[in-house]
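Structure first, commentary second.
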């Protein structure tokens, strides 16, 4: 993308002394670099801003700084090329910490090196940020100054690192603490370490790209520091080894440290780099990020060229969904350096437009495949043979399962995910390795995609069966926010949800059509969804189909919310199917669970090819809005597609 030739205001002798940017000489590869001048104590921070390039022989070596902007208020001043330049307090603290007493330090810093108010330059520079961080000598992470007893937390981290390196210990539990001279669980040093691992920096979307693309990352807190690999050893010691299988659903849990989620992406990226150099033999492992890689991965996995290609942008968006970004557009733009896509940053677009364009890109891959097949074979659009296992189809269906009014706060088409909000319920499509999997847990819409098209005038066109109308729903809502409350509150809410669900199912229906000769539909649904007889999600249930390993209790956990064996509020409110959903019954007696907010008059619709039915709401003549996925006992394996009295209809989704 070419940048228009901007001209800065001439800085005359009578100027006010504020620094102003000049236009980069190269709009394609040009970057600015900060030369941080030596200084100590109260001496003002001084920098020189120079030009360089991301590629070519004339590029200047540099380190890249990763930090949080904080409030965004530029209330501290430094001197840039002799002129006054306001910066945020967090950046001022970082510059003060990293400047040397005697040597110049060359850094790339987004806040200074990009003319943030010039939208065209900002868009072009963000497009280069993957190359910028990849090309740095190392990434310096500024976690902030010492507070919340962080010195004690860093001392504990160093002690744990020593245990991992020299005592060959792969995991710690409460019974192991005294043996290794560690403080008892709940001690303030554990709380201090937990606070460090939950500092604001770990919750930024931008850091995913910043630490994944460069193999050399130093994390600095006050006067202490750890490398990324050293912190990885500490976290593995506390939380157990990361699963080796690349599975985006493993990240969708409030209990997982953000470090672990980001590290999973980092490990995969390093594995892909190694694979690109020399594809491994069957059973070969990768030494990517530590000397004890076998402790990081918990199970072997053979190489699969199709399943292990570079992550799609959708994968990364799902993995980082609850990470923050000051600018909503950066929820997408901050990940562009990592995934496969043809998207270019454009800060003149609204967040709604950015999210819609990404969704259209994903949907468009499917519609293009259908067009190619039908045109070459002379078929009608409804006669294509595209199967649901096709990678592009799976991504489109996952995209839709993460959308719906249930998961939106921005004004978007109902089939477009809102990346500024967290998923209010775990999509039913999750639970197995999504892409490249050989088995689907649910297949309500069958194995082949139906009509699938988009029009700017009418919206997304789908086909399926209008299964039934919602008659009554529950009102008690289960969400992850309860984890921040007391353990008693979480358990009380789960009990209330269960009592309401039983009441609705047993008073509204006697024998649901989803029942068998021996068991009623509500009981069958409970078993199928791995819900115990007290309303808790139990991943140890014999009916549980997911291959996901469950996170063990960590020494950093501060609550007893997981204390009851088999009655885990933590699992129920993070991975459980009842989170964000309520029991509902239909006009003809079917029972299921639907997004909280589903109301009488909504319809259950089985999209041809989709894993689960959707709750739709009429919004005009022959048009509907998606509320979200639902589960209906008795039709989750394609039974509705065999009901001849239900005709297949085309509908428009807006």
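Points to keep in mind about this one:
- Only one of 160, 95, 165 that is part of a helix (DSSP H, G or I) and without any contact (Cβ under 8 Å) to a residue 60 or more places away in the chain: 95
- The set of residues in region 49-82 being closer than 26 Å to residue 29 by Cβ and either part of a strand (DSSP E or B) or assigned by TED's automatic domain parsing to the domain that holds residue 203 (or both) consists of 49, 50, 51, 52, 53, 63, 64, 65, 66, 80.
- Any chance residue 467 is assigned to a loop (DSSP other than H, G, I, E, B) and under 30 Å from residue 533 (Cα atoms): no
- Residues of region 148-175 that are within 24 Å of residue 98 (Cα to Cα), surrounded by fewer than 17 Cβ atoms within 10 Å (Cβ to Cβ) and within 28 Å of the chain's Cα centre (by Cα): 148 alone.
- Pairs are defined by a Cβ separation below 6 Å, a sequence spacing of at least 6 or placement on different chains, a first member in region 509-521 that is assigned by TED's automatic domain parsing to the domain that holds residue 588, and a second member that is at pLDDT below 80; the pairs so defined are 521/512.
- Residues satisfying the stated conditions in region 630-654, i.e. under 33 Å from the mean Cα position of the chain (by Cα) and in a loop (DSSP other than H, G, I, E, B): 630, 633, 634, 635, 636, 637, 638, 654
- Matching residues, region 190-202, being out of contact with any strand residue (DSSP E or B) (no Cβ under 7 Å at 6 or more places or on another chain) and closer than 28 Å to residue 326 by Cα: 191, 192, 193, 194, 195, 197, 198, 200, 202
- Qualifying residue in region 176-189 (condition: buried (at least 21 other Cβ atoms within 10 Å of the Cβ) and either at pLDDT below 95 or in contact with a strand residue (DSSP E or B) (Cβ under 6 Å, 6 or more places away or on another chain) (or both)): no
- Of the helices (runs of 4 or more DSSP H) contained entirely in region 218-300, those carrying at least 3 residues that are more than 29 Å from residue 394 (Cα to Cα) and either in contact with a helix residue (DSSP H, G or I) (Cβ under 7 Å, 6 or more places away or on another chain) or at pLDDT 60 or above (or both) fall at 228-239.
Results for (1) surrounded by 14 or more Cβ atoms within 10 Å (Cβ to Cβ); (2) touching a helix residue (DSSP H, G or I) at 6+ places or on another chain (Cβ under 8 Å); (3) over 26 Å from residue 416 (Cβ atoms); (4) free of Cβ contacts under 8 Å to residues at least 24 places away in the same chain, shown as yes or no for each residue.
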residue	(1), (2), (3), (4)
445	yes, yes, no, no
450	yes, yes, no, no
454	yes, yes, no, no
469	no, no, no, no
481	no, no, no, yes
488	no, no, yes, yes
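Matching residues to (1) buried (at least 18 other Cβ atoms within 10 Å of the Cβ); (2) at pLDDT below 90:
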residue	(1), (2)
552	no, yes
555	yes, yes
571	yes, yes
575	yes, yes
578	yes, no
582	yes, no
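- Residue in region 203-210 that is more than 25 Å from residue 337 (Cα to Cα) and either in contact with a strand residue (DSSP E or B) (Cβ under 6 Å, 6 or more places away or on another chain) or touching a residue at least 12 places away in the same chain (Cβ under 8 Å) (or both) present: no
The values are calculated or read from the model by the stated rules, or taken from the named source; none is laboratory data. No experiment lies behind these values; they were computed from the predicted model shown. Ideal geometry is used to build each Cβ from the backbone, glycine not excepted, and the neighbour counts take in all protein chains shown.
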